[in-house]
Amino acid sequence: MSTDTVNPAHDTARGPISETAKISTDDTHTFFFDHPLDHIPGMLLVDTALHRAEQAAGRHAAGPLRVQDLDLTFNGLCEHGSEALVHLRESQPDSRTFSLDVRQDGTSVCTGSLRLEPAPRRELFVEPPGQAPGHDRPRRASAELVHKRSLDNVLIGPLRQTGEHSYTTVMIAPPADRWPDVHPTTVLVEAIRQTATITSHTAWDIPTDWQYILMSIRLTLTDTATWPAAPELICQVSPLKGRARGGIDIAVQVDGTRVGHMHLKARAVPPAAYQRMREASAKTAEATA
């Protein structure tokens, strides 16, 4: 996966960093396109924004940077076949806090902000010695329940119910050479998305053929220390008010200590309703072309 910078302006002596980058349309990347999609996945928008912000801020940083806050709202689906651009702007020089806006055909499909902080290393965690390459393949959650086709693309273990409204799993780190171009925070966000998806099917009995539309994510990591192990992901869910939409809170915990949190909102749509929605969107696009 790669992006092309369109018009960087990063002289902090003259003002905040401002950059625009194209979103890749390479649908052969197995992290983002595990199976055919009729739109550009939200994780690709996340990854592009993280890479560009890190590269821009890194020109003026003495060492590695870590994402501490990521707050994104998805205003619509990003379509194939039309150029999409990520616009990033630093709030003030050397702040490492960026606002972002993803635009396609003059329409904003994603807005939000992110903040970077210095860290000892870019990776979020390191595998303990017993988890070195070549160890037995860990048990994974059902690929169908996390909306993946390949089991190798499942980033979490089986889900366990640990309370009346609490479910827990553990993140499974991909081999270092599997997706070296994917940002570590994107991998964490995807693992959390998978956790939220499987929990919604389990706790709310949402059918597995329903389409999920990501509405927003809010991720906070509380420090920049390197975790000594893969994190546990702990979901707290409340009874769903109708089947249309819902939010899930996921705590990120390592060795019993909370190191982060993410709130995710998504809308679940039955197949027929999703098809009608996509057909209506295509007609609107044709009418405005």
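We did not get these values from a lab; they are worked out from the coordinates using the rules stated. What you see is a predicted model; the values in this text were computed from it and never measured. FYI the Cβ positions are ideal-geometry reconstructions off the backbone, even for glycines, and counts take in every protein chain you see.
Quick look at the numbers
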{"quantity": "Point-charge dipole on Cβ atoms (K/R +1, D/E -1) for the chain, about Cα centre, debye to 20", "calculated": "560"}
{"quantity": "For the chain, with +1 on Lys and Arg beta carbons and -1 on Asp and Glu, the positive-most of Ala141, Ala173, Ala57 along the dipole", "calculated": "Ala141"}
{"quantity": "19 Å Cα-Cα reach of Lys148 towards aspartates and glutamates, excluding residues that sit fewer than 8 places from it in its own chain", "calculated": "Asp26, Asp27, Asp34, Asp38, Asp47, Glu190, Asp205, Asp209"}
{"quantity": "Kirkwood Rh, angstrom, the stretch 61-105 [1 / mean 1/r, Cα pairs]", "calculated": "12.9"}
{"quantity": "Residue-span extension gain [Asp152 to Asp223] - 0.36 nm each, minus C-alpha spacing", "calculated": "22.6 nm"}
{"quantity": "DSSP H segments from the chain that extend 18 Å or more along their own axis, Cα-based, with Kyte-Doolittle mean of -0.5 or above", "calculated": "42-58, 184-204"}
{"quantity": "Ellipticity estimate at 222 nm from DSSP helix runs (n ≥ 4, -39,500 (n - 2.57)) divided over the chain, nearest 500", "calculated": "-6500 deg cm²/dmol"}
{"quantity": "Kirkwood-Stokes translational diffusion coefficient of the stretch 149-289, alpha-carbon pairs, 4 °C, 1.567 mPa s, µm²/s", "calculated": "78"}
{"quantity": "Cα pair distances exceeding 27 angstrom across the chain, given as percent", "calculated": "41"}
{"quantity": "Potential extension, Thr30-Arg276 segment - 0.36 nm per residue separation minus Cα distance", "calculated": "85.8 nm"}
{"quantity": "Using θ = phi - 60° and Karplus 6.51 cos²θ - 1.76 cosθ + 1.60, couplings along the stretch 80-92 (whole Hz; Gly, Pro as x)", "calculated": "6, x, 9, 5, 10, 10, 9, 9, 10, 9, 6, 5, 7"}
{"quantity": "Kirkwood hydrodynamic radius of the stretch 32-150, from inverse mean 1/r over distinct Cα pairs, in Å", "calculated": "16.7"}
